[in-house]
1. Give the cross-link partners of LYS320 among the aspartates and glutamates, using a straight C-alpha distance below 15 Å as the criterion and excluding same-chain residues fewer than 8 apart.
2. How large is ³J(HN,Hα), in whole Hz, for each residue of the stretch 135-152 in order, when computed from phi with the Karplus curve 6.51 cos²θ - 1.76 cosθ + 1.60 and θ = phi - 60°, using x for Gly and Pro?
3. Scan around THR160 for amide H atoms under 5 Å from its own, H built in the peptide plane at 1.01 Å from N, and keep only partners 5 or more places away or cross-chain.
4. Over the stretch 173-428, what relative contact order in percent results from Cα pairs under 8 Å that are six or more residues apart?
5. Suppose every Lys and Arg Cβ carries +1 and every Asp and Glu Cβ carries -1, with no other charges. What dipole size does the stretch 173-428 come out with about its Cα centre, to the nearest 20 debye?
6. Could you order the peptides 260-270, 311-321 from most to least packed, using the average number of other C-beta atoms within 10 Å per residue?
7. List the aspartates and glutamates whose Cα sits under 14 Å from the Cα of LYS432, skipping any in the same chain fewer than 8 residues away.
8. Using the Karplus curve 6.51 cos²θ - 1.76 cosθ + 1.60 with θ = phi - 60°, what ³J(HN,Hα) values do you get for each residue of the stretch 379-393, in whole Hz, with x for Gly and Pro?
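Read the figures in this text as sums done on the coordinates, not as results from a lab. Treat the numbers as computed from the prediction; the structure is a model and nothing was measured. Neighbour counts are summed over all protein chains in view; Cβ atoms, including those assigned to glycine, are modelled from backbone coordinates with ideal geometry.
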Amino acid sequence: NCLLTGNPDSHRNFISKGLKCLLNVPNAGVYRNAHHSSGRFCFQSSQPLGEKITSLWISSVGQLPHHFSAWSVHIIRSLRTSPSFQAAPVPLFWIIVKPAQKLLAIILGRSIRNWWKALPPNKRELFKESARKNKWKILLGASSLGVVFIMFYFTHLEETPITGRARLLVFGKEHFRELSQMEYEMWMEEFKNQMLPETDARYQVVERVVGHLSESNKDIPEVSALQWVIHVVDEPGVNAFVLPNGEVFVFTGLLDAVSDIHQLSFILGHEIAHAVLEHAVKKASLVHFLDFLSLIFLTMIWAICPRDSLAVVGQWIQSKLQEFMFDRPYSRTLEAEADKVGLQLAAKACVDVRASSVFWQQMELAETIQGQPKIPEWLSTHPSHENRAEHLDRLIPQALKIRESCNCPSLSGPDPRLIFRLNMQHLLESSKDRETPNSTKQDPSKPKPDFAHT
């Protein structure tokens, strides 16, 4: 992620005032005065500033800086939201049974192979002849097993909240929330020495943003049913996740990453959407269903392969095919769904939803500047930054209509997406101007311009 800010000296007073206004606004009216004539956001309040915050920069999106060549690009780690091991706590019985199921399939397949090898040649021929004569019965039995799986799948489909999409649910939601409480205790134990107190200004920022998002969307039963509890962890990693029981974890690295309160609101809306849509239950249900189906193929692999070494390779190939053909694409689908619903939650909270795609453009820029290799999307559990920004751009017109229907104040100032593009043009032009025509003859005593540190 990258943070493009103005000259620190010229903007220090603005940042101090903006944070002071932000940290003292009441929950119910966080965004009511978010846009006034200057295009910067500030909120009316008479309460004193509890604590200076140096990590969260509230930058102007209403006008271009006067000295763009002095801008700096602050590079930090890539954002990780809702990792699978955090967002999808797995039921305890599955943790115990899953290895036993695989072991049973391996033992069964290996036993079938050894039994077949031990058969005399004449008995093998008799067995093959019997199989040919009863091939229709065998086919009927296999078809019946397939019908059972299909019936199980369709009888365990439920409607997803908000989106109305059909989803597979194998586990009970109440049981899942009990397990998420166990996971919550685990995280609290891990971060017990890094939790920010409620008096910390950064905690108050997150608390007010989450409070305003939940208050603005209380008409959604799944939002009002959960009690949203805030935890801000003093960690440099750019991370945030929400457990199914409403426990919100935000790392201070994320507060360093976002360039304004609108981006923070969208990211937290995205994480809340994961909990509201119960993606943890959906993902665990699908993975468990696919793992159960894969036991049949695992048994066949160990029965057919002539040696254990080949069976191990076959098992590895089967697991990778399942991962890249089902698990990761489904994770990307859930991320895209959370982006869509998170944008809607932010729109109802009167957030400038146009800033959502800018965040992912900043992520794309950061990786380019750092020279990080681009990983193909099909290898990832998340959509690429570029595709994510494009997807949000397509959703923004609808989100703006939702925002307008909620009687939100009109958006003032230019589109932040336009500002970002203009800033990128200026940055590139500034970099080109610094290059000398004869770079090879440059004075070795003078440092060469480094675009990555500009």
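1. ASP291
2. So the Karplus estimates, Gly and Pro as x, are 4, 5, 5, 5, 5, 5, x, 5, 5, 4, 5, x, 5, 4, 5, 5, 4, 4 Hz.
3. HN-HN under 5 Å from THR160: ARG165, ALA166, ARG167.
4. On the way: 276 pairs, mean separation 43.4, N = 256.
Answer for the stretch 173-428 is 17 percent.
5. Roughly 780 debye for the stretch 173-428.
6. Working: 260-270: 26.3, 311-321: 14.5.
My ranking of the peptides, most packed first, is 260-270, 311-321.
7. Qualifying aspartates and glutamates at Cα under 14 Å: ASP450.
8. Karplus values, whole Hz, x for Gly and Pro: 8, 10, 8, 10, x, 5, 4, 5, 5, 5, 5, 5, 4, 5, 4.
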